[in-house]
Every structure is written in C-alpha cells, then in structure tokens.
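Each remark here refers to the structure printed beneath this line.
Coordinate-derived values only; no laboratory data. Values in this document were obtained by computation on a predicted structure and should not be read as measured data. Note: ideal-geometry Cβ built from the backbone for every residue, glycine included; neighbour counts use all protein chains shown.
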Amino acid sequence: MKSSKTILTLDAGGTNFVFSAIKDEQQIVEPIRLPAQAHDLDLCLENLVKGFRAVIDEIDDQPDAISFAFPGPADYPNGIIGNLPNFKAFNGGVAMGPMLEDEFGIPVFINNDGDLFAYGEALTGLLPSINQKIAESGNTKRFKNLVGVTTGTGFGGGIVIDGQLLSGDNSCGAEVHNLQNPFNLEWNAEESVSTRAIQRVYASRAGLDFDDTLMPGDIYEIAKGNKVGNQQAAVASFEDFGKALGCSIANALTLIDGIVVIGGGITGAWDLFATAMFEELNRHYKNFRGKVANRLSFDIYNLEDESEAQKFIKGNPKQIQVPGSNRSILHDDTSRVGVGKSKLGASHAVSLGAYAFAVQKLKHQLS
C-alpha cells in the first residue's frame, strides 16, 4: 500500500522505545531510541513525546499521522491503554492516543503488535508474494485471508479478512495465546508456545531446575549438537512447541481458512519444530464409532519446502463444462492452505502494518 503519506512509528518494548518514520513503505529516518521508563508514567509519556518530536525534527515532511503497536489490554480505537504487566505505570488506564493527538495535532492509531504483524504480511509480505506467484503460473485462484502468529516471549496473533484487519468489539480479535493448551487443559496455549515453554520442557526432560537465562537459541544449539547439554531434551522441547503451535493454528484455521504466516525469533528453529507442527495440522479425528476424518477441511502445504510450495502454487486448475451450453469455466479443485515463515521479519512487518493501517484510516476519513 504505497502512499505519499508520512507516518511516525514506534517499536514499544518494555525496556526501550524505538521511534522512526515511514513513507512509501520505506523508513526515512534513522531510528531514535529512548528508555521506556515503564515504571513511571510521567517519564514514560515524556519520552513518548520527546521521541516523536525528535523524529519530526529529522524529516522534511510534516507527518500525517502516528501509528504504532503497544501492548494490551487496551481500547485501541480510543487510544486508551489498560493494565499492563510490563508497564506498571499504566495501571488504571491511560488515554495515551488522545494525549498524543493533542500534542502533535495529527491522528494517532494504536494497535496490537500481533494484529499489525498480520496486517503487514497481508498487504506487503507473504500473502501478496504467494498470490503473485500463483498469477505468474497462470492460475486464477487468489488467497484473500491471512492468519499471522508471532512466537517469542509470548504468543501473539492477528487476522486479516479480505484486506480488513479483524480487531473485534473489545480490541481482542485473534487472542491466540488464550486458545486451549493441548498438553494441559488448565493452561492457555502460550504456556506451550513461548520462550518459557521451551525452557520449561528442556529443564523438565533434562531433570534440571527451570533456568530462564538459557534461551531458545541456546537450547537450539544443544539440540543440534553444537553446545553441551541434554540433546534429547532439547529436541523434545521444540517438538512439544511445534505440536502446541500446530494445534493453535489448526483451531484458528477452522474459522478463518486462509494463508498462515509465522514470525518471531523462534522461527529460526523451524527445522526442529515444523515437522511436529505439520503432523498436528494434518492429524485425523475419530468419531465414537472409530470413523476417521481429517482435522481440517483442506490440504496443508509447507511453503518453506520448495517442492510443496510449487504444488501449492500450481494447484489443479481445470476447465469445467457448464451444463446445457458450450461454455466452460476454469476451476481449481484443490482446497488448500499454505503455512510459511515471515519474509519481512516480525519487526519490519509490524512497522509496515502500522503504516498501512494509518494510510487506510486516513483514506477512509477523507472518503
């Protein structure tokens, strides 16, 4: 979604705020970093203003809007941030969006990072890339819907339906972290799809105390035999992660039926968790008589496997005769969904999603 609009953006972490600006889908200023000051509301808000002001001083154009992701819970349409575990200063609710609008005199759009990740991938990332390849193959089929999930410290998600971001009536659309956990019905999905999940399973299988300093990257190296540790336990930690992730994606796909894109740091361990994930996606159900049925109503393709990706792109187009006439229509009779990794990178996808969301909202306001 290229546009001449200039949009100020923010990557809001619990430790640092990173400010930038985007125009025509390109970053136009070197990022400016300030401490988040998450413990002190006044200092936090002061640095928000200071950071955006510093970006404005670095760009030639007058900005058209501010758009960024901020942790929830929140009333995103009204710009009100709620009680945040990593931003204690915001407890009680803070009208951050209206404050920034008053300060800068331009519209402010705030969203969840999972939502903006999905939006970025739907408009400028995996979804248009897949559709372009399908078009180049001569097939008329196009995919319009996307489920985006992010894996890392937590488990986030976003859903885009025919170009529209699903926010929900309570700003709680695509809260995939609260899907049911396949290993423990008392846990939510995030307890098995996150950094701490990999740490927990590794420690348990290795007979060690839980260690939150041993990161998934370390456990990955143990699993690959490049670092000292319990290799079997390390491999199992990613297999459990993959199974839980696959279960959550399958549950989402029963409602959405669209391309799936996975982002976040743990995607670097794709070779260790993808097999278990796809096994879960392709798992069968049985009814009480023992009759077997597919878990999903369409075929699943691994877009990171070149052979599968080519089959997915090609599909099975054929001419179908229209009864009672000499006319035929082209039809692709392969019901399918592809699952792949982010090509943009999660952070970049979030930034582009924030940019595209602001441009879309500004266009809507003018219409």
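Here the label points at ASN78 and ASN282, each 7 Å from Cα along the C-beta direction, are separated by 4.9 nm in the simple model. Applying 0.36 nm per residue to the separation of ASN178 and ASP61 and subtracting their alpha-carbon distance, the gain on full extension is 37.9 nm. Subtracting the Cα-Cα distance of ILE161 and GLN365 from their residue separation scaled by 0.36 nm leaves 71.4 nm. Hydrophobic long helices, here whole DSSP H runs in the chain with Kyte-Doolittle means of at least -0.5 and Cα atoms spread over 20 Å or more along the helix axis, are found at 41-58, 231-256, 346-366.
Under the simplified labelling scheme, the MET215-ARG196 pair shows an inter-label distance of 1.8 nm, with each label point 7 Å from Cα along Cα→Cβ. Between LEU126, LEU48, LEU185, the Gaussian network model of the chain with springs among Cα atoms under 10 angstrom shows the greatest mean-square fluctuation at LEU185. Among VAL193, VAL322, VAL176, the largest mean-square fluctuation in a Gaussian network model of the chain, built with springs joining Cα atoms closer than 10 Å, belongs to VAL322. GNM on the chain, alpha-carbon springs under 10 angstrom: the most fluctuating residue among GLU186, GLU308, GLU121 is GLU186.
Legend: calculated FRET efficiency, ASN294 to LEU255, from the Cβ-Cβ distance at R0 = 22 Å, rounded to 0.05, equals 0.85. For the pair LYS227 and ASP333, a Förster radius of 41 Å applied to the C-beta separation gives a FRET efficiency near 0.30, rounded to the nearest 0.05. Put a dot 7 Å past the Cα of GLU136, heading toward its Cβ, do the same for THR275, and the two dots end up 3.1 nm apart. Given (i) 20.4, 61; (ii) 22.3, 74; (iii) 19.0, 59 as candidate values of Rg and Dmax of the Cα atoms in Å, which corresponds to the one derived from the coordinates? Derived directly from the coordinates: (ii).
The length gained by stretching the chain between ALA54 and ASN91 to full extension, at 0.36 nm per residue less their Cα-Cα distance, is 10.6 nm. Take every Cα pair under 8 Å whose residues are at least 6 apart in sequence, average their separation, divide by the length of the chain, and the relative contact order is 16 percent.
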